[in-house]
Number of protein chains: 2
Amino acid sequence: MNLQNDLLLRAARGEEVERTPVWMMRQAGRILAEYRAVREKAGSFIQLATTPELAAEVTIQPVDLLGVDAAIIFSDILVVPEGMGLPYEMVEQRGPVFPRTVRTSADLDQLRVADPEGDLGYVLEAIRIVKRDLNGRVPLIGFAGAPFTIFCYMTEGKGSKTFSVAKKLLYTDPEFSHALLQKITDSTIAYLKAQVIAGADLVQIFDSWAGILSPDQYRTYSLPYIKQICDAINEVPVTVFAKGAFFARQEIGELNCQVVGLDWNMDAAESRQLIPNKTLQGNLDPCVLYATYDQIRAEVKKMVDTFGTQRYIANLGHGVYPDTDPDKVRCFIEAVKEFSAK
Amino acid sequence: MNLQNDLLLRAARGEEVERTPVWMMRQAGRILAEYRAVREKAGSFIQLATTPELAAEVTIQPVDLLGVDAAIIFSDILVVPEGMGLPYEMVEQRGPVFPRTVRTSADLDQLRVADPEGDLGYVLEAIRIVKRDLNGRVPLIGFAGAPFTIFCYMTEGKGSKTFSVAKKLLYTDPEFSHALLQKITDSTIAYLKAQVIAGADLVQIFDSWAGILSPDQYRTYSLPYIKQICDAINEVPVTVFAKGAFFARQEIGELNCQVVGLDWNMDAAESRQLIPNKTLQGNLDPCVLYATYDQIRAEVKKMVDTFGTQRYIANLGHGVYPDTDPDKVRCFIEAVKEFSAK
């Protein structure tokens, strides 16, 4: 199907665009009253994520309500471990918790490589519904966590500031660590390929915990697995967003991906220098959306002026914070459109 | 009093040393059974920190038990807000909590510039006891939080992954933010000067939450206040450790300080280039101490080889994690001494 608005894909492929495309990480989420209503109807976050009709509904909401140039499938990076046989719970005010963790080869042997249609069919079904209902208005982004980030949760069992249990395993049992990372990678590749077949027009890899590794550890335990994914997905553009991995920008820029996501610590001009041949995505501090309309417009203008309007996808440097006023979000999106128009 | 071991101070001042000095952030703490015994006797963390004899006792423990080249006064960065009139509690498993927060000019008006002898005399008394009991064996490090990091806790009221309440204030009320930062800075300068008079041989400024700011915000809301402190403390060397502020290394290196602390994300060679004229301190990943003795020695050798033995103070890139085996810590310290000896 031809897309009516393919700005995101053209920008990702490095083609000329008449203005910069814009979307927001976590745009389908708690900032929208319409999302909260569906979330309440679903009963829980996990119910919402595993009910294709409802997941599809909240995926499309920001296209209608905020005017973004792409939808991103409503899901969670932790569905991959779930699909591998390691269930998790979402605890209010606390985040995800894995009742069982994976810390030994024996634990690992009990897990399978996720079968996308069998284990994660609900996400694929949601993608198919979204594609049908979007009817070509904007592209749909699929996604998965980077293997190292998924490894962190599977070994630690919950969120953590330091993920010291996860990192300890890298030092004490590198063989196990690589084996688990490989199984996650195999699952992720199969899952992303299935997302593309189901209709995803671009896929993004989130390495949310990249920033806890030293440059050496990152080269050993994260980059090679992201590389495998990038090399395996050739049908659609791939975005790599490694939060906190400022030190690996150059190497990420050399991967077989089309777009590199930046967090708000990463200077635009310096990042352009380090990553000369890719489209960049980012990177407004989400807290800017707490400011006045005038301040938001001024910050967006500065951002667009620094990145330039081409080879660029405007976004925040992290997911939008749940208490952000949707009108401020609209101001951000409109400002990108205005200041980047030819 | 002449110091028997002044390696730390000579390295800080850029003088030649026969080997690299080594100490560890959080060396006086839960890794040591001897610390835990005193902590239990005190009843609570805050009791321990506010009882000079006990604080002095745990300050000296790592000098005897681990063989470090410096003591660092056992205290907490949050004693400064406490001294300004904003008390806090330390909640087990959760960290510090301020029952009252500071978010308006009216809140701020109720706070005073801390009077070191009156409001924080217990820390100064602990310093005097440590100096007496150390009897010149090694130097004593004093410290304070950077104003922005203290601002985060005073406004947010507790720890946070994003400190979005604190950051929101920077955007919505810059005037209030600067006023609060200035009051914290004034308190901190008076406090550090009093620490030096009481006997601190070097002072370190911890900007633990530097990494949540964009480069622009850091230049506006953190650096100028650290600069005021560096300019005010001329009697002893000053170390600035801004965790996560990789983007500001060059500017920190241009401050009126003698030592720049690095976290484990920051590449040694690149940091030397960005900060050519200062002593560097850091930056082993604390998780390396979970590895085998052989691995620890190999990582320490690599670190010392990369930094070089001069203009360098060996440390971890963050505080030692509480579940680290003290024998592994000793291995780290011995390895620095061995590999850096002439």
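Residues that are over 16 Å from B:GLY95 (Cβ atoms), free of Cβ contacts under 8 Å to residues at least 12 places away in the same chain and either more than 14 Å from chain A (Cβ to nearest Cβ) or over 21 Å from the mean Cα position of the chain (by Cα) (or both) occur in the stretch B:119-134; there is at least one. Answer with yes or no whether A:ASP201 is at pLDDT 95 or above and within 14 Å of chain B (Cβ to nearest Cβ). Judged against the criteria, A:ASP201 is not a match. Within the stretch A:65-103, the residues that satisfy the criterion of being surrounded by 18 or more Cβ atoms within 10 Å (Cβ to Cβ), among the aliphatic types (A, V, I, L, M) and outside any helix (DSSP H, G or I) are A:VAL68, A:ALA70, A:ALA71, A:ILE72, A:ILE73, A:ILE77, A:LEU78, A:LEU86, A:VAL102.
Just one of (1) farther than 25 Å from B:GLY244 by Cβ; (2) buried (at least 18 other Cβ atoms within 10 Å of the Cβ); (3) among the acidic types (Asp, Glu) fails for B:ASP267. It is (1).
This table checks each residue for (1) closer than 21 Å to B:ALA245 by Cβ; (2) acidic (Asp, Glu); (3) in contact with a helix residue (DSSP H, G or I) (Cβ under 8 Å, 6 or more places away or on another chain).
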site	(1), (2), (3)
B:GLU82	no, yes, yes
B:LEU120	no, no, yes
B:THR155	yes, no, yes
B:PHE163	yes, no, yes
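For the stretch B:152-163, the condition holds for at least one residue, the condition being that it is in contact with a Pro (Cβ under 7 Å, 6 or more places away or on another chain), within 14 Å of another protein chain (Cβ to nearest Cβ), surrounded by fewer than 19 Cβ atoms within 10 Å (Cβ to Cβ) and under 20 Å from B:SER214 (Cα atoms). The single condition among (1) away from chain A (no Cβ under 14 Å); (2) touching a residue at least 12 places away in the same chain (Cβ under 8 Å); (3) within 27 Å of A:THR306 (Cα to Cα); (4) not basic (Lys, Arg) that B:VAL236 does not satisfy is (3). Could you go through the stretch A:169-188 and let me know if any residue there is surrounded by 23 or more Cβ atoms within 10 Å (Cβ to Cβ), touching a residue at least 24 places away in the same chain (Cβ under 8 Å), touching a strand residue (DSSP E or B) at 6+ places or on another chain (Cβ under 6 Å) and within 13 Å of A:PRO81 (Cα to Cα). Yes: the stretch A:169-188 contains one or more residues that are surrounded by 23 or more Cβ atoms within 10 Å (Cβ to Cβ), touching a residue at least 24 places away in the same chain (Cβ under 8 Å), touching a strand residue (DSSP E or B) at 6+ places or on another chain (Cβ under 6 Å) and within 13 Å of A:PRO81 (Cα to Cα). Among the residues making up the stretch A:309-342, those that are within 14 Å of chain B (Cβ to nearest Cβ) and either among the polar types (S, T, N, Q) or assigned to a loop (DSSP other than H, G, I, E, B) (or both) are A:GLY317, A:HIS318, A:GLY319, A:VAL320, A:TYR321, A:PRO322, A:ASP323, A:THR324, A:ASP325.
Scanning the stretch B:260-289 for residues being in contact with a helix residue (DSSP H, G or I) (Cβ under 7 Å, 6 or more places away or on another chain), assigned to a helix (DSSP H, G or I) and within 9 Å of chain A (Cβ to nearest Cβ) gives a total of 3. The set of residues from the stretch B:244-259 being assigned to a loop (DSSP other than H, G, I, E, B) and either crowded, with 24+ Cβ neighbours inside 10 Å or modelled with pLDDT under 95 (or both) comprises B:ALA245, B:CYS257.
The values are calculated or read from the model by the stated rules, or taken from the named source; none is laboratory data. Just so you know, these numbers come straight off a predicted model, no measurement behind them. Here the Cβ is made from the backbone with ideal geometry for all residues, glycine too, and neighbour counts use every protein chain on show.
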